[in-house]
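> The structure is given below, and queries will be raised subsequently.
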Amino acid sequence: MDFDFSLILTAVTLLAAVICLADKLFFKQHKSPKQLAQYEGKEYKEHIIIEYAYSFFPVLAIVWVLRSFLFEPFTIPSGSMLPTLEVGDYILVNKYTYGLRLPVVGTEILAMNKPQRGEVMVFKFPPKPSMNFIKRVVGLPGDKIKFKNDTLYINGQAVQRELIKQEPAVQPWEQYFREVLGSHIHLTRQEVGSYPAGKEWSITVPEGHYFMMGDNRDNSNDSRFWGPVPEANIVGRAVYVWTHKEPGFNLPSFHRNGAIN
């Protein structure tokens with residue numbers, strides 16, 4: 001969605017910091033408990049804006065640091081990552097695995113690990129960077145990705161996968177595969193006959209970019225349609241499902257808790 005909580009949190013935290021600093025330097029209204037003791041028997045009241053700034057700034061600063069540089073919560077809004085992630089999953093995204101980045105602008109300030117094939121990554125949607133997307137890393141910089149005869153190839157090697165079930169039992173239209181990408185083993189979903197017969201495509205991933213695909217292969221708006229994701233758009237690695245909530249008036253549940261493969 002377009003709601004940029006990181007931008008709002010950064011702005012509010014900065015505003016509270018500026019108000020506290022201005023009071024320290026100029027207004028000097030905020031008093032410590034020791035200073036307030038000197039007003040015993042007298043009424044002393046600081047401006048409500050300054051009072052709120054001092055009250056909320058420590059909490060805002062802690063939340064800002066946690067969300068900007070450590071872990072940020074996200075909600076799964078669509079079924080493009082089925083069966084790995086379901087609509088209503090609440091996940092944690094590791095913000096430092098792929099390097100520390102400044103909040104809002106995304107500039108890398110400390111390089112660390114690079115995304116690896118098979119990892120689930122959150123990134124800014126290239127056609128509309130105000131939106132966050134989540135997909136699986138399929139192609140690394142320089143990789144040659146090809147799809148032919150209903151098979152995905154990476155650098156000339158067919159991606160290893162195994163059909164594990166089809167649904168329903170009579171005239172099945174839904175297929176689930178166990179797929180291996182790098183060191184990651186995960187499930188993918190496909191719909192029988194949904195992809196045009198004989199459809200072929202190929203791409204060489206540019207340097208500094210990553211080719212992303214959803215696990216729900218026939219229902220995913222991904223790099224097959226709008227191209228690879230530039231490194232500057234990386235938000236972080238999805239690592240854990242911490243709760244799940246069905247749409248509507250339903251309580252959260254924890255039956256899907258666990259690490260994201």
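The values are calculated or read from the model by the stated rules, or taken from the named source; none is laboratory data. Keep in mind the model is a prediction, meaning the values are calculated, not measured. For neighbour counting, all protein chains shown are included, and Cβ atoms are generated from backbone atoms with ideal geometry for every residue, glycine included.
> Provide a single number: the residues in the range 153-164 that are in a strand (DSSP E or B) and either small (Gly, Ala, Ser) or at pLDDT below 95 (or both).
Here is the first cut: in the range 153-164, the ones in a strand (DSSP E or B) are 153-154, 157-158, 161-164.
Imposing the further condition that a residue be either small (Gly, Ala, Ser) or at pLDDT below 95 (or both) reduces the set to 158.
So the count comes out to 1.
> While we're on this one: Here is a list: SER220, SER202. Which entry is among the hydroxyl-bearing types (Ser, Thr, Tyr) and assigned to a strand (DSSP E or B)?
Of SER220, SER202, the one residue that is among the hydroxyl-bearing types (Ser, Thr, Tyr) and assigned to a strand (DSSP E or B) is SER202.
> Please pick out the residue among SER202, SER183, SER220 that is surrounded by 11 or more Cβ atoms within 10 Å (Cβ to Cβ) and either assigned by TED's automatic domain parsing to the domain that holds TYR96 or within 29 Å of PRO127 (Cβ to Cβ) (or both). Before you say what the answer is, go through the steps one by one.
Details: SER202 fails: surrounded by 11 or more Cβ atoms within 10 Å (Cβ to Cβ); SER183 fails: surrounded by 11 or more Cβ atoms within 10 Å (Cβ to Cβ).
Answer to the selection: SER220.
> Going through VAL239, VAL205, VAL192 one at a time, which residue ends up being hydrophobic (A, V, I, L, M, F, W, C), out of contact with any Lys or Arg (no Cβ under 6 Å at 6 or more places or on another chain), at pLDDT 95 or above and under 26 Å from LYS148 (Cβ atoms)?
Details: VAL239 fails: under 26 Å from LYS148 (Cβ atoms); VAL192 fails: at pLDDT 95 or above.
Testing whether each residue is hydrophobic (A, V, I, L, M, F, W, C), out of contact with any Lys or Arg (no Cβ under 6 Å at 6 or more places or on another chain), at pLDDT 95 or above and under 26 Å from LYS148 (Cβ atoms) leaves just VAL205.
> Would you point out the residue of the range 179-199, among those that are charged (D, E, K, R) and part of a strand (DSSP E or B), that is farthest from GLU167 (Cα to Cα)?
My answer is GLU179.
> Go through the residues of the range 137-146 one by one and say whether even a single one is farther than 16 Å from VAL229 by Cα and either in a strand (DSSP E or B) or in contact (Cβ under 8 Å) with a residue 40 or more places away in the chain (or both).
yes
> Which ones in the range 89-135 are crowded, with 17+ Cβ neighbours inside 10 Å, part of a loop (DSSP other than H, G, I, E, B) and of a type in the set (Lys, Arg)?
Once the filter is applied, which keeps residues that are crowded, with 17+ Cβ neighbours inside 10 Å, part of a loop (DSSP other than H, G, I, E, B) and of a type in the set (Lys, Arg), the range 89-135 yields LYS95, ARG117.
> Against the conditions (1) in the same structural domain as PHE133 (by TED's automatic domain parsing); (2) within 25 Å of SER253 (Cα to Cα), where does VAL63 fall short? Just the number, please.
(1)
> Then there is this: List the number of the failed condition for LYS34; all other conditions in (1) in a helix (DSSP H, G or I); (2) of a type outside the set (S, T, N, Q); (3) touching a residue at least 24 places away in the same chain (Cβ under 8 Å) hold.
(3)
> Still on this model: If you check ILE76, ILE62, which single one turns out to be at pLDDT 95 or above and either surrounded by 12 or more Cβ atoms within 10 Å (Cβ to Cβ) or among the charged types (D, E, K, R) (or both)?
Answer to the selection: ILE76.
> Can you name the condition, by its number, that MET213 falls short on among (1) modelled with pLDDT of 95 or more; (2) loosely packed, with under 14 Cβ neighbours inside 10 Å?
Failing condition for MET213: (2).
> Is the range 244-252 home to any residue that is out of contact with any Gly (no Cβ under 9 Å at 6 or more places or on another chain), within 24 Å of GLY88 (Cα to Cα), surrounded by fewer than 17 Cβ atoms within 10 Å (Cβ to Cβ) and among the aliphatic types (A, V, I, L, M)?
Scanning the range 244-252, I find at least one residue that is out of contact with any Gly (no Cβ under 9 Å at 6 or more places or on another chain), within 24 Å of GLY88 (Cα to Cα), surrounded by fewer than 17 Cβ atoms within 10 Å (Cβ to Cβ) and among the aliphatic types (A, V, I, L, M), so the answer is yes.
> Right, another one. Return the pairs, sorted by first residue and then second, in which the second residue is assigned to a loop (DSSP other than H, G, I, E, B) and acidic (Asp, Glu), the first residue lies in the range 200-213 and is touching a residue at least 40 places away in the same chain (Cβ under 8 Å) and under 12 Å from TRP226 (Cα atoms), the beta carbons are less than 8 Å apart, and the residues are 6+ apart or on different chains.
Partner pairs satisfying both residue conditions: PHE211/ASP143; MET212/ASP222; MET213/ASP222.
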